[in-house]
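Here the structure is laid out as structure tokens; the discussion comes afterwards.
What follows is calculated from the coordinates using simple rules that are stated; it is not laboratory data. Just so you know, these numbers come straight off a predicted model, no measurement behind them. We place every Cβ from the backbone using ideal geometry, glycine too, and count neighbours over all the protein chains shown.
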Amino acid sequence: MTALLGILSVILIAIIAVQLGKVKELAGKIRGEEEIEDIGNRRQSSYMLAFLVLFLVGCIVSAVLYRNYMLGYGLPAASEHGVTLDKMFSITLFCTGIVFVVTHILLFYFAYKYRAQKGRTARFIAHDTKLEIVWTVIPAIVMTFLVVSGLDAWNEVMADVGPEEDFMEIEATGQQFGWTVRYPGEDGKLGEKNFQLINGTNPLGVNWEDEKSLDDFQPTDLVLPVNKKVRVRITSRDVLHNFYLPHFRVKMDAVPGIPTYFVFTPTKTTEEFRQELRQHPEFQGLVDPTDPELGTMWENFDYELACAELCGRGHYSMKMPVKIVSEEEYLDWKAKQAPLYTSLIRGTEADPWIDRLFDYEVEERKEAFNANLENALSANNAEDRILELSNVSFETGSAALETLSRYELDYVAEALNNRSEIRVELAGHTDNTGDASVNQQLSLDRAEAVKAYLLDKGVDAARLVTRGYGDSQPVDNNDSAAGREANRRTELRILSGSL
């Protein structure tokens, strides 16, 4: 029914238009074509003048009232180079604004002054050198000034960092529909990437064989220290995106396969920018009029990383909070971030460093061993003087020590060499899988393997006793894999010595 009414309405409008044309034609015949045309010209030219006044007044008033929304003047630049860009924008707006007003005044005034009139003949001017020089030279001078200023600003804004400059580098990768930001760890360097390494646990294709990658972390917010030069590597995993930080006047395409970059220095913390917005009336409104407790717009303001490229249906949701903080706050935040390698890759099949401990891991394990040893030495009962060597392991069904066992055995050797009064028993245990007598011998062989390692490190043989207990002293249920693993252990039993 709605479609039918629409079609009928269109037909009715067409009939009315045809009838009006016929009425106009008939009136022209009665009153004369020339008179009708003259009346129409005068009316249209008067409309031109009226439109000129309304149009210019509307443009000027709207520019004044809505300059913060339409022209961006309500959001002052929060970066070092942003001030230069804003100044260049204002100068360009001033020059083009003058041209805009003058040309429109001339356009509509000429439409009025030189309207068709009875008895008036248009003059043909083939050439006017003075006029052509004026309208060529003046725009050329203004454009030269604007282009040179723009080129100077471009060279300043797009300059890369120098080898001796103090800066930090991060990486931003766009994908439908979100941003992944990668920070370097304590080494200050980002690790290598390779798109062929991308998988479910490695969405960026980070090369874990590159040691620079091992301390990189990927937070959910973009946090930067104020007054620190930042170089952003910008990449894309799928389609064209755009790395857009409007408050910092940063905008750069993220192109698949072609890394880009942008260098900028934030000059205002989030809190400082909020205090500036506090002075603007348009930021005094409530975030939610139905819930005044949420506060005003300036109180809840946050910088934002967005995508300025139409990258698909979810483009609108491609945002990330940006926080600019003091150097102290940034360092405190950074110290709480866990490297992606440590939290997701370490110890898994994807770990290329499975047979190696890193310095921080060595220190952590050493501190834990020494603390456990101190507790055992200070204990009075026999059970509490047993220290499990949890990081000592053997190849399956064998007494051959695995590579990583050497670290913990080095701690044992160091402790025994530093404390000559300590005498220990090295006790081997197995699970109940297989023959009991075989397990008994295997546990003893493993204890002997530990002893041989300690002897090689200079520990006196008289201070070491070995025992194999087989599966006779389980600490967990052998019915599960986890229980059997707990039962396969090597213990250090302190026979003499104390704190």
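Annotations
- For Asn242, the shell of other residues with beta-carbons less than 12 Å away shows a net charge of -1, using +1 for Lys and Arg and -1 for Asp and Glu.
- ³J(HN,Hα) computed for each position of the stretch 380-394 - Karplus, 6.51 cos²θ - 1.76 cosθ + 1.60, integer Hz, glycine/proline x: 9, 8, 5, 5, 7, 9, 9, 10, 6, 8, 5, 9, 9, 9, 10
- FRET efficiency, Ser420 to Glu485 (Cβ-Cβ, R0 25 Å, nearest 0.05): 0.10
- Considering only beta bridges that DSSP places wholly inside the stretch 168-345, some 70 percent are antiparallel.
- Ordering Thr269, His241, Val255 by Cα displacement along the dipole of the stretch 231-270 toward the positive end leaves Thr269 in first place; charges were set at the Cβ atoms of Lys, Arg (+1) and Asp, Glu (-1).
- Here the gap between Asp291 and Ala111, fully extended at 0.36 nm per residue and compared with their Cα-Cα distance, gives a gain of 59.3 nm.
- A DSSP coil position with no more than 15 other Cβ atoms inside 10 Å describes the following trypsin sites (Lys or Arg not before Pro) in the stretch 389-485: Arg419, Lys457.
- The stretch 369-468: GluC sites (Glu not before Pro) in DSSP loop, at most 13 other beta carbons within 10 Å: Glu395, Glu421
- Site-free segments of the chain were taken between chymotrypsin sites (Phe, Trp or Tyr not before Pro) in DSSP loops having at most 12 other Cβ atoms within 10 Å, sites themselves excluded; the longest one is 125-499.
- Using a Förster distance of 41 Å, the FRET efficiency for Lys229-Ala368 (Cβ separation, nearest 0.05): 0.55
- Ranked from largest, the principal axis spans of the Cα set of the stretch 153-310 equal 52, 38, 31 Å.
- Ranking Tyr183, Pro163, Ile13 by how far each Cα lies toward the positive end of the dipole of the chain (charges on Cβ) leaves Ile13 at the top.
- If only the Cβ of Lys and Arg carry +1 and only the Cβ of Asp and Glu carry -1, the dipole of the stretch 288-390 around its Cα centre is close to 380 debye.
- Here's how it looks for Ser393: its modeled amide H is under 5 Å from those of Glu402, Ser405, which are all 5 or more places away or on a different chain.
- Rounded to 5, percent antiparallel among DSSP beta bridges of the chain: 70 percent
- Couplings for the stretch 243-248, taken from phi via the Karplus curve 6.51 cos²θ - 1.76 cosθ + 1.60 with θ = phi - 60°, read 7, 10, 10, x, 6, 9 Hz in order; Gly and Pro are left as x.
- Neighbours of Ser45, meaning other residues whose beta-carbon lies under 15 angstrom from its beta-carbon, give a summed charge of +4 when Lys and Arg score +1 and Asp and Glu score -1.
- Counting only DSSP beta bridges with both residues in the stretch 359-496, the antiparallel share comes to about 70 percent.
- Applying 1/(1 + (r/R0)^6) with r as the Cβ-Cβ distance of Phe89 and Ser378 and R0 = 56 angstrom yields a FRET efficiency of 0.20.
- For Rg/Rh (Cα atoms, Kirkwood Rh), calculated from these coordinates, the label among (i) 0.99; (ii) 1.26; (iii) 0.96: (ii)
- Once the mean of 1/r is taken over each pair of separate Cα atoms and inverted, the stretch 299-419 shows a Kirkwood hydrodynamic radius of 19.6 Å.
- Placing unit charges on the Cβ atoms only, positive for Lys and Arg and negative for Asp and Glu, gives the chain a dipole magnitude near 3780 debye about its Cα centre.
- Membrane-span-like helices in the chain, defined purely by DSSP H runs whose alpha carbon atoms cover 24 Å or more axially and whose average Kyte-Doolittle hydropathy reaches 0.5, are 2-31, 33-65, 82-113, 129-157.
- Each residue of the stretch 299-311 is assigned a 3J(HN,Hα), and the resulting list reads 5, 9, 5, 9, 4, 8, 9, 10, 10, 9, 10, 6, 9 Hz, derived from the Karplus form 6.51 cos²θ - 1.76 cosθ + 1.60 (θ = phi - 60°), x at Gly and Pro.
- 27 Å Cα-Cα threshold exceeded, pairs from Lys212/Lys268; Lys193/Lys251; Lys87/Lys189; Lys336/Lys457; Lys323/Lys366; Lys189/Lys457: Lys212/Lys268; Lys87/Lys189; Lys336/Lys457; Lys323/Lys366; Lys189/Lys457
- Sparsely packed loop sites in the stretch 254-337 (the trypsin sites (Lys or Arg not before Pro) outside DSSP H, G, I, E and B with at most 13 other Cβ atoms within 10 Å) comprise Arg313, Lys336.
- The P(r) of the stretch 359-496 has a tail past 17 Å containing 58 percent of all C-alpha pairs.
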